[in-house]
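The values are calculated or read from the model by the stated rules, or taken from the named source; none is laboratory data. None of the values given here were measured: they were computed from a predicted structure. All Cβ positions, even for glycine, are placed from backbone atoms using ideal geometry, and neighbour counts span all protein chains on display.
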Amino acid sequence: MICKKLIPLALIPFVGLYAQTDSNKISRPNIILFMVDDMGWQDTSLQFWNEKTHLNERYHTPNMERLASEGKMFTQAYASAVSSPTRVSLMTGMNAARHRVTNWTLEKNKSTDQSSEVLQFPEWNVNGISQDPDIPFTYEVTSLTQLLKNSGYHTIHCGKAHWGAIDTPGEDPIHFGFDVNIAGHAGGGLASYLGERNFGNRTDGKPSPLLAIPGLDDYWGKDIFATEALTLEAIKALDEAKELGKPFYLYMSHYAIHIPIDRDKRFYQKYIEAGLSEKEAGYASLIEGMDKSLGDLMNWLEDNDIADNTVIIFMSDNGGLSSESAWRDLPLHVHNAPLNSGKGSAYEGGVRVPMIVKWPGVVKPDTRTDSYLIIEDFFPTILDIAQVKDRETKQAIDGVSFVPLLLNDSVDTEKRNLYWNFPNLWGNEGPGIGPGCSLRSDDWKLIYYYETGKKELFNITQDIGEKNDLSGRNHEIVKELSSSLGDFLRRVDAQRPSFKATGELCPWPDEM
């Protein structure tokens, strides 16, 4: 597999790509970024592999199928292995190694790393990103949303944020340039999907759990699922946005399909009748509820005659949860096969995610590409789609626009490397779990583990399940990729753990 070279937007003829207004001026498209939480590559009836799997047969996602029939599927889209690094990279255009929000964030000045007997983990940016340079353990940034707002977009956030810790400016989406914030806060999960449980909020005067969903008070005590409540609120915000006469950007960031596995009663029974266990049926209902939300938004666009001038981007923030050791009260319920492992892992099951883009009149319907990309690429791509000219930021940008891949999958080819750094311990004990770093280069994937110095090499095209470690037979390739990975990590001032016994930093991959 050869990754397509992503050429600069300035070299692309954009005449006729955008919808025209009555005055024959270019009308900038509306943009909906539909982000799903913890959705694995196989958590859908849509076939992202070269053959249909039993999971594709199990789940029902007709609106993902509908979106793919109207747009382009990306079969090798990559995120970080856990939530906050992905979401920060999306908002900033930076690789996680550079912004150093390398694990999930929640409480101010508190690391979420699990303990290790061998390693001392670095002081990473536990408070996330911020607009205030004086907040410790944060990275000061200019957000994607702020640039969109500055250029004239009406910006709406709905659902999960997870960019900044509690009691820091970064916990509030409004501070990142959103005009509207619906239910976004510092929490990276949710206490309950159930309206009858007030989405986890307490009413007896005692403190609510940190993961209780804020801002949905109108639905407290009602028989409604959080996914549906968020969708209804998003549509209300879109009704208001339509009256403003401005293009809108909706970041529809669902808490689904993150645990807990509450049952979405609209879909649960059908999966029980299909023979799934209660836990598996509950999980399947989360997926189909998310899919219905996508369909409701697509229906709203069509009913309001603006579907033809609205770009929809579908993405997940990391691979599906696949190990019961991460949540010991939860039986194994997510399987990412043919991919190996899941959330928190450097293997494909942790970082490869479902992605679809619909851009009417620009992206050819019912198409797919095997060219790979990574989450920080969303930043320049969305700015290109929105025709944002002023892009001055406080941070360096690592992402590369994938607009050429939207326009034509036959652009000039050139090798491009993708990089991950995870000098942390998330809490899972499954295969491919860090602390480590990794690189994807054409067909090859190199994984390096900080604690042991072990390296693994896989040919992803021939071995999608990463079962056959080829490092012992390809020393020159391992050496070349180790050098590229080490050079990148140094260039972006990445962090690495140290050994508790000696205090010495773990070697870079090219030092082993």
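One residue stands out among those in region 125-143 that are surrounded by 22 or more Cβ atoms within 10 Å (Cβ to Cβ) and either acidic (Asp, Glu) or part of a loop (DSSP other than H, G, I, E, B) (or both): the one that is farthest from the chain's Cα centre (by Cα), which is 135.
Pairs linking a residue in region 430-459 that is within 22 Å of residue 115 (Cβ to Cβ) to a residue that is assigned to a loop (DSSP other than H, G, I, E, B) and of a type in the set (Val, Ile, Thr), with Cβ atoms under 7 Å and 6 or more positions apart or on different chains, are 451/118. In this structure, is residue 372 buried (at least 24 other Cβ atoms within 10 Å of the Cβ) and closer than 29 Å to residue 445 by Cβ? When the stated conditions are applied, residue 372 does not pass them.
Scan region 477-512 for residues that are surrounded by fewer than 13 Cβ atoms within 10 Å (Cβ to Cβ), in contact (Cβ under 8 Å) with a residue 24 or more places away in the chain and within 27 Å of the chain's Cα centre (by Cα) and the total you get is 1.
Residues checked against (1) in the same structural domain as residue 98 (by TED's automatic domain parsing); (2) modelled with pLDDT under 95; (3) in a loop (DSSP other than H, G, I, E, B); (4) over 25 Å from residue 423 (Cα atoms):
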residue: 145; (1), (2), (3), (4): yes, no, no, yes
residue: 149; (1), (2), (3), (4): yes, no, no, yes
residue: 155; (1), (2), (3), (4): yes, no, no, yes
residue: 187; (1), (2), (3), (4): yes, no, yes, no
residue: 198; (1), (2), (3), (4): yes, no, no, yes
residue: 205; (1), (2), (3), (4): yes, yes, yes, yes
residue: 212; (1), (2), (3), (4): yes, no, yes, yes
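Here is a check on your reading of the model: is residue 226 in contact (Cβ under 8 Å) with a residue 12 or more places away in the chain, under 24 Å from residue 57 (Cα atoms) and either over 19 Å from the mean Cα position of the chain (by Cα) or assigned by TED's automatic domain parsing to the domain that holds residue 212 (or both)?
Working: in contact (Cβ under 8 Å) with a residue 12 or more places away in the chain: yes; under 24 Å from residue 57 (Cα atoms): no; either over 19 Å from the mean Cα position of the chain (by Cα) or assigned by TED's automatic domain parsing to the domain that holds residue 212 (or both): yes.
No.
Residue by residue, here is whether (1) in contact with a Phe, Trp or Tyr (Cβ under 7 Å, 6 or more places away or on another chain); (2) farther than 20 Å from residue 422 by Cβ; (3) not assigned by TED's automatic domain parsing to the domain that holds residue 54 holds:
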| position | (1), (2), (3) |
| --- | --- |
| 343 | no, no, no |
| 348 | no, no, no |
| 369 | yes, yes, no |
| 383 | no, yes, no |
| 388 | no, yes, no |
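Restricting attention to region 105-122, does a residue exist that is crowded, with 24+ Cβ neighbours inside 10 Å and not in a strand (DSSP E or B)? Yes, region 105-122 has at least one match. Anything in region 154-164 that is more than 18 Å from the chain's Cα centre (by Cα) and surrounded by 24 or more Cβ atoms within 10 Å (Cβ to Cβ)? List them, or say none. Result: 155, single match.
Among the residues in region 260-268, are any of a type in the set (Ser, Thr, Tyr) and part of a loop (DSSP other than H, G, I, E, B)? No, because not a single residue in region 260-268 is of a type in the set (Ser, Thr, Tyr) and part of a loop (DSSP other than H, G, I, E, B).
Annotation for region 44-59: no member residue is under 17 Å from residue 382 (Cα atoms) and either among the aromatic types (Phe, Trp, Tyr) or modelled with pLDDT of 95 or more (or both).
Within the group 90, 55, 67, which residue is of a type in the set (A, V, I, L, M), touching a residue at least 40 places away in the same chain (Cβ under 8 Å), assigned by TED's automatic domain parsing to the domain that holds residue 162 and closer than 23 Å to residue 434 by Cβ?
On the way: 55 fails: closer than 23 Å to residue 434 by Cβ; 67 fails: closer than 23 Å to residue 434 by Cβ.
One residue alone meets the criteria, 90.
For a quick check of your reading: which strands (runs of 3 or more DSSP E) sit entirely within region 401-512 and have at least 1 residues that are over 26 Å from residue 90 (Cα atoms) and of a type outside the set (Lys, Arg)? Walk me through how you get there before you give the answer.
Working: elements: 417-422, 436-441, 444-449, 455-459.
Because the criterion is at least 1 residues that are over 26 Å from residue 90 (Cα atoms) and of a type outside the set (Lys, Arg), the strands (runs of 3 or more DSSP E) in region 401-512 that meet it are 455-459.
Return the residue satisfying two criteria in turn: it lies in region 450-476 and is surrounded by fewer than 17 Cβ atoms within 10 Å (Cβ to Cβ) and β-branched (Val, Ile, Thr), and of such residues it is farthest from the chain's Cα centre (by Cα). Ranking the candidates gives 452 first. Just one of the numbered conditions (1) under 16 Å from residue 342 (Cα atoms); (2) of a type outside the set (Lys, Arg); (3) in contact with a Gly (Cβ under 8 Å, 6 or more places away or on another chain) is not true of residue 89: (1).
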